[in-house]
Every structure is written in C-alpha cells, then in structure tokens.
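These notes concern the structure reproduced below.
The values are calculated or read from the model by the stated rules, or taken from the named source; none is laboratory data. Keep in mind the model is a prediction, meaning the values are calculated, not measured. Neighbour counts run over all protein chains shown; Cβ positions are idealised from the backbone, glycine included. What goes into the accessible areas is simple: the full protein's heavy atoms, side chains included, and nothing from ligands, DNA or RNA. Shrake-Rupley method; radii C 1.70, N 1.55, O 1.52, S 1.80 Å.
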Amino acid sequence: MPCLAGSFDPSIGPVFELGVGRPLVDVRREGTTISQSFLQIRALIDTGAASSCVTEAAARRIGVFAAGKAWMESTTGRRQCNYYILDLRLPTVGHHGQPAPIPVRDVQVIEIVPMSPHFDALLGRDVLDRGLFSLSGHDRRFVFCL
C-alpha cells in the first residue's frame, strides 16, 4: 500500500508537497497529447476540513478557473466560495522505497483565503477518507496510506 510519510512542526501541522493540476479532460481539449503537468504546492493535512481547499493565488498558478460556487462552513461562519475541479497527485512511496505517486482525479477544491505562509492548500477529509491517516505527536511523524 503506497504511503505518504513525514515529520511535522507541531506549531504548523503536517505539511507536504502536493502535486496539483488541471483535470485531465481539460488537458485533452487543448491538443492531442495526454500528458499532464502538476504544480507542486505546500498542503496542510487538515482532518477538520470536510473538503480540500486551495488559495486563489495557487489556483491562478495552476491555470484553472472557478467551476462554480459552493457553501463553506468554518469557525467564522458560512459563506459561498469559488470552487475548482483539480487533479491531485500525492507523493507516496511504495514497496522498497520506490516513488509511487497516487493520482486523485476530479477533486472539488474550495477556494480559501491564505491562512499561513507555510501552505497554500488543505488536504481535507474528501481525500483523507479514501485511506488511513495516522499522526504521532510523540515523535512528530505522520503517515497517510491509500
């Protein structure tokens, strides 16, 4: 089972390099090639977030436009936000330590205002619920397996 593992700063949380790209269907529309490019952005694993999120600045760097509006509830209230459809690539490691990136296609990602200089995205339960996430505060390590 491929896993993403790392250490974390307890004042920030588990942050990792997430690959984000335009949905493959968009890439196919522009030409005959099926290759897809991914931008690497810093993402916080957030078990309190129902949906994965991205900042508007990161969405612009990826080259996607809002697909519509969605309701988002947070500690500050309920409001409508832009959402994007993105393909994600988790930098997991498979058997024998070999890179085994896992694609997660067509994820509805909600736009958030920047929350920290340490990350531009949140990986929420919409993705985390597909696998097993474990965090050890004692040794400041995390593991997410799909």
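Here are the numbers for the structure shown:
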read-out	value
Where no second cysteine Cβ lies under 4.7 Å, the cysteines concerned in the chain	53, 81
Mean Cβ neighbour count within 10 Å, used as a protection proxy, ranking 72-78, 60-66, 16-22 highest first	16-22, 60-66, 72-78
Shape parameters for the stretch 89-146, alpha-carbon atoms, Rg then Dmax in Å	13.4, 39
The chain: projected area of the alpha-carbon convex hull, averaged over directions, in nm²	9.4 nm²
Mean ellipticity per residue at 222 nm, deg cm²/dmol - from DSSP H runs of n ≥ 4 across the chain, formula -39500 (n - 2.57)	-2500 deg cm²/dmol
For the stretch 39-64 and the stretch 102-146, distance of Cα centres in Å	9 Å
Sequence of 143, 109 when ordered by accessible area, the most exposed leading, probe 1.4 angstrom	143, 109
Student exercise, the chain dipole from Lys, Arg, Asp, Glu Cβ charges, in Debye to nearest 20	180 debye
Carbon + sulfur, % of accessible area of the chain - ligands and nucleic acids excluded, 1.4 Å	52 percent
Mean accessible surface per residue for the chain, computed with a 1.4 Å probe while every protein chain stays in place, in Å²	57 Å²
From phi via Karplus (6.51, -1.76, 1.60), per-residue ³J(HN,Hα) for the stretch 124-130 in Hz, x at Gly/Pro	x, 5, 4, 9, 4, 5, 7
